[in-house]
Structures are given as structure tokens and as C-alpha cells.
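Right, one structure below, let's go through it.
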Amino acid sequence: RLVQLEQIRGVFHTHTHWSDGVSTLEELAKAGAARGYEYLVVTDHSPSLRIANGLSIARLKEQMRQIQAVNRRFRSFQLLMGTEVDILQEGKLDYPDEVLRQLDVVVASIHSGFKQDEATITRRLIAAIRHPCVTIIAHPTGRLLGQREPYAVNLEAVFEAAKRAGTALELNVSTPRMDLNDVTAKRANAFGVMLTISTDTHRLEQLDAMQLGVGVARRAWLEPSRLLNCLSRKQLLAWIRRKRTRTS
């Protein structure tokens with residue numbers, strides 16, 4: 001019983017004008033509510049990604065306060081507080097743990113050191129996977145179609161680590177990425193890894209890439225039970241609490 005579009009309850013990995021997106025928090029919330037979602041996860045960049053206007057700790061905390069203010073204007077829809085935190089070249093994360101623990105969702109990704117060898121890249125990803133605060137690893141192979149080949153990574157080791165830690169991996173359906181793709185997502189699913197469909201939204205119309213994402217997920221033979229997007233907001237937050245306890 002493959003996943004269907006109407007079973008998607010929320011969207012992970014969205015950016016606003018706080019970093020390199022264009023919409024305000026309120027515009028993003030209205031767009032999510034209008035599409036019938038229960039939640040969208042705001043994941044603007046962390047400070048090391050200066051080219052994307054990454055958020056300092058002070059700016060992140062101010063954004064969190066503004067998200068709470070926006071949420072008071074909605075009943076059945078909520079923005080969840082998150083970040084797309086950089087996995088630094090040593091495998092550490094770009095925010096301290098005391099900051100990450102205050103967020104609902106933590107998406108971790110590599111944006112530098114693409115030419116490192118396979119063992120180094122794999123160690124970086126597994127270090128992030130094992131971090132108790134990390135919910136999702138974004139665009140796990142780092143490819144950009146027509147621009148950049150995937151970095152060298154042992155995906156089987158990543159899948160095994162993700163399964164053990166209970167960390168989800170992303171099907172990023174931003175058209176330059178498509179990462180994981182249908183083939184690698186099917187392999188991850190065979191390992192028992194939880195997955196997410198992420199639109200990597202920088203403009204509101206990119207939320208509609210979810211239809212493409214569901215198509216990729218169906219080609220990967222994914223059922224709703226294998227996708228975090230099919231959890232209600234309450235179920236998702238409970239899943240994250242269990243994950244953090246499991247890996248702490």
C-alpha cells in the first residue's frame with residue numbers, strides 16, 4: 001500500500017527570508033495551512049553557511065520567538081522550530097547542544113568539504129546521525145544535477161548507522177538535488193531506515209514539489225509507515241522525543 005499524496009501531514013526543510021529563502025514566517029504558515037498540512041518545519045541555515053545568511057544563535061532564538069507568535073494565529077496548523085545545521089568538517093554540528101535541544105526538529109547536512117575521501121565523509125555523516133538531537137540528515141549524497149557529482153560516501157554504512165540511531169534520511173525533491181533518489185531510498189528502506197520527503201522550499205511555490213516527492217517515494221516502494229511526513233504533529237514530536245532519549 002504505497003504512500004499517497006493525501007496521506008502527507010507535514011513538510012520538512014523549508015527556508016524563509018531569515019536565511020536564503022524569500023517568504024516571511026507568516027507567509028510560509030499561511031501557505032502550509034492553505035495546502036491542508038498540519039505543520040511545516042522552518043529550517044533556516046546555521047551560521048557557518050555565510051553565503052546563505054546563516055543564523056547566529058541570537059537570531060535563531062529571535063526567530064523561535066517569532067514562530068511562537070505566528071503560531072498563536074492558527075488553530076489546526078503550526079510551524080515547528082528547526083534548523084538546517086551544518087555538519088562541520090570534523091563531524092561536529094554548527095550549534096551547541098544546548099541550542100539544538102530547544103528546537104523541535106534538527107536537520108543536519110554537509111555544505112563543505114565535498115572533496116574529502118569516502119572514509120572522512122562517511123565518518124562526518126555517521127557522527128551527525130548518532131547525535132541525539134539530529135532528527136534528519138538532509139540530501140545525504142550532496143549531488144546537484146548537472147552541477148556537482150555526489151561526494152564519496154559509503155551509503156550502506158550510513159544506512160546501518162541511521163537504522164541503529166533512529167535518525168531519518170531525506171528524499172530532497174528540490175529539482176537540482178533529487179537526493180536520495182528512488183533507487184537509494186529503496187535501499188535505505190530495505191535497511192529499515194525512516195525517511196522523509198523534503199521540498200527544500202525557498203519559495204512558496206516549491207511546496208508543490210511534494211507531489212513529485214510522493215512519486216519518488218512510490219517508486220522506492222515506500223508505505224506511509226516509513227515516512228515521517230505521514231505522522232501527525234503530535235505523533236512526530238513524540239517520535240522525536242523517543243529518538244533523543246534512545247541516542248542520548
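All of (1) free of Cβ contacts under 8 Å to residues at least 60 places away in the same chain; (2) open to solvent by less than 40 Å² (accessible area, probe 1.4 Å); (3) outside any loop (DSSP other than H, G, I, E, B) hold for Trp18 with one exception: (3). Tell me which residues, restricted to segment 101-113, are open to solvent by less than 60 Å² (accessible area, probe 1.4 Å) and either touching a Gly at 6+ places or on another chain (Cβ under 7 Å) or not polar (S, T, N, Q) (or both). Once the filter is applied, which keeps residues that are open to solvent by less than 60 Å² (accessible area, probe 1.4 Å) and either touching a Gly at 6+ places or on another chain (Cβ under 7 Å) or not polar (S, T, N, Q) (or both), segment 101-113 yields Leu103, Asp104, Val105, Val106, Val107, Ala108, Ile110, His111, Gly113. Among the residues of segment 206-231, the ones that are open to solvent by less than 20 Å² (accessible area, probe 1.4 Å), assigned to a loop (DSSP other than H, G, I, E, B) and more than 11 Å from Asn181 (Cα to Cα) come to 1 in all.
Within segment 187-199, being open to solvent by 10 Å² or more (accessible area, probe 1.4 Å) and either under 16 Å from the mean Cα position of the chain (by Cα) or of a type in the set (Val, Ile, Thr) (or both) holds for one residue alone: Met194. Six or more apart or on different chains, Cβ atoms under 9 Å: show the pairs whose first residue is in segment 211-225 and over 11 Å from Asn189 (Cβ atoms) and whose second is open to solvent by 80 Å² or more (accessible area, probe 1.4 Å) and not in a helix (DSSP H, G or I). Here the result reads Leu212/Thr175; Val214/Gln4; Arg218/Gln4; Pro224/Arg1; Pro224/Gln4, each pair linking segment 211-225 to a residue that is open to solvent by 80 Å² or more (accessible area, probe 1.4 Å) and not in a helix (DSSP H, G or I). Here Ser56 passes the criteria (1) within 22 Å of Ile87 (Cβ to Cβ); (2) in contact (Cβ under 8 Å) with a residue 12 or more places away in the chain except the one numbered (2).
If I filter segment 140-164 down to residues being within 18 Å of Glu84 (Cα to Cα) and of a type outside the set (Ser, Thr, Tyr), which single residue comes out as surrounded by the fewest Cβ atoms within 10 Å (Cβ to Cβ)? Per the stated criteria, the residue is Leu144. Selection of first residues in segment 72-89 that are open to solvent by less than 40 Å² (accessible area, probe 1.4 Å) and of second residues that are of a type in the set (Lys, Arg), restricted to Cβ pairs under 8 Å at least 6 apart or on distinct chains, gives the following pairs, ordered by first then second residue: Leu80/Arg233; Ile87/Arg124.
Contact map, segment 165-186: residues that are open to solvent by 20 Å² or more (accessible area, probe 1.4 Å) and modelled with pLDDT under 95 paired with residues that are part of a loop (DSSP other than H, G, I, E, B) and of a type in the set (S, T, N, Q), Cβ distance under 7 Å, separation 6+ or inter-chain. Pairs shown: Pro176/Gln147.
For segment 49-75, the set of residues classified as outside any helix (DSSP H, G or I) and within 20 Å of the chain's Cα centre (by Cα) consists of Leu49, Asn53, Gly54, Leu55, Ser56, listed by residue number.
Evaluate the following for Arg143: is it in contact with a strand residue (DSSP E or B) (Cβ under 9 Å, 6 or more places away or on another chain), charged (D, E, K, R) and within 23 Å of Lys186 (Cβ to Cβ)? Spelling it out, Arg143 is indeed in contact with a strand residue (DSSP E or B) (Cβ under 9 Å, 6 or more places away or on another chain), charged (D, E, K, R) and within 23 Å of Lys186 (Cβ to Cβ).
The values are calculated or read from the model by the stated rules, or taken from the named source; none is laboratory data. This one's a predicted model, so the numbers in the text were calculated from it and none came from an experiment. Here Cβ is always computed from backbone atoms with ideal geometry, including for glycine, and neighbour counts include all displayed protein chains. Protein only, heavy atoms only, side chains kept; ligands, DNA and RNA dropped before computing areas. Shrake-Rupley method; radii C 1.70, N 1.55, O 1.52, S 1.80 Å.
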